[in-house]
1. Can you work out ³J(HN,Hα) from phi for every residue in segment 247-255, in order, using Karplus 6.51 cos²θ - 1.76 cosθ + 1.60 and θ = phi - 60°, giving whole Hz and x for Gly and Pro?
2. Assign unit charges at the C-beta atoms only (+1 for Lys and Arg, -1 for Asp and Glu), then state the dipole size of the chain relative to its Cα centre in Debye, rounded to the nearest 20.
3. Mind listing the phi-derived Karplus ³J(HN,Hα) values for segment 211-222, rounded to whole Hz, using 6.51, -1.76 and 1.60 with θ = phi - 60°, and x for any glycine or proline?
4. Rg/Rh for the chain to two decimals, with Rh computed the Kirkwood way over all alpha-carbon pairs.
5. Sorted from largest to smallest, which semi-axis lengths in Å does the alpha carbon gyration tensor of segment 190-266 give for its equivalent ellipsoid, taking the root of 5 times each eigenvalue?
6. So what is the calculated 222 nm ellipticity per residue for the chain, using -39500 (n - 2.57) for each DSSP H run with n of 4 or more, over all residues, to the nearest 500 deg cm²/dmol?
7. Name the long-range amide H neighbours of I111: under 5 Å, sequence gap of 5 or more, or other chain; modelled H, no Pro or chain starts.
8. Taking Cα atoms, how many degrees apart are the long axis of helix 141-153 and the longest axis of the chain, rounded to 10 and kept between 0 and 90?
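Just so it is clear, none of the values below were taken in a lab; they were calculated from the coordinates. On a predicted model such as this, the values are computed, not experimentally measured, just so you know. All Cβ positions, glycine included, derive from the backbone under ideal geometry; neighbour counts span all protein chains shown.
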Amino acid sequence: MTFRTRLFAGFIALATLGPALPATAQEQAYDRVGRWSISVVYDGNRFGYCAADVDNGKVQFRIGTDGKSWQIGVPYYGNVSGPMDVYYGFGGAAEMGTFHAEGDGWASMMINDDQLNAFRTLPEFSVNLDRGEQTFKLAGAAQAIDKARECARNKGQKAAPPPPAPQQNVTNGKNCPPFGTVRSQNSNAPVKVMFVNLSKVPLNIMWIDFNGEWKKYHTLAPNSNVTQPTYGTHPWIAVDSRGTCHGGVMYGNPASRTEGDNMFQIWD
């Protein structure tokens with residue numbers, strides 16, 4: 001079960017808010033607040049909950065509400081299933097909290113009103129899970145939380161959504177996608193991929209984040225490879241020192257069981 005379907009499944013055990021959303025729930029964009037994206041989750045035509053998402057360049061962070069209670073979550077690749085005692089905190093203040101993981105690629109925790117207010121007013125939040133301590137800047141969180149609350153209050157409906165901003169038709173080099181036209185959508189389907197550099201030049205392996213920005217994760221020498229945890233809706237590109245892209249836009253396939261299907265061999 002992914003975070004989007006278990007967000008309030010966790011509430012069932014702790015607060016009995018109603019039936020859990022099934023695995024068929026669909027996530028849709030609702031709005032943006034600075035670096036934060038606001039999304040709404042439906043089960044068919046039925047409203048589920050709203051969420052405010054941000055990332056630190058490596059890991060996504062989510063604050064979600066059904067209009068009654070709140071929960072936070074981060075991607076989790078560890079082997080522990082069920083409740084975990086995890087250090088988290090704001091700035092220099094750290095404490096232990098109970099996160100829940102169910103082997104779905106996420107770990108999440110219920111938060112109360114005081115904790116929600118801390119997300120609104122403090123500059124950063126840190127949590128220490130399987131990938132070590134991760135820190136998220138909370139600039140704009142108050143507005144994002146207000147927007148998520150508005151989204152939940154309106155059951156995800158907007159009277160007159162503004163048209164999307166036009167995308168700039170520019171590229172960073174030959175064979176590259178135009179900036180802003182490709183971006184990560186969510187973190188619901190974990191998968192591990194391998195990038196293999198079979199070209200004659202070093203290549204920078206770049207993740208395209210939720211805002212369409214390119215962020216370097218690895219530099220691969222010719223005839224070398226690297227394994228990278230990612231998600232099925234997260235795009236990757238390989239770029240040389242001249243800005244030329246090699247191998248197109250690459251997405252992992254979480255549903256594949258074919259050996260080598262998530263191995264990307266990158267040629268000239």
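1. Computed from phi, the couplings for segment 247-255 are x, x, 7, 10, 10, x, 10, x, 7 Hz.
2. The calculation lands at about 620 debye.
3. Using θ = phi - 60°, the values come out as 9, x, 8, 8, 10, 6, 10, 8, 10, 9, 6, x Hz.
4. For the chain, the value is 0.98.
5. 19, 16, 9
6. Calculated at 222 nm, the ellipticity per residue is -3500 deg cm²/dmol.
7. W70, Q71, I72
8. 70 degrees
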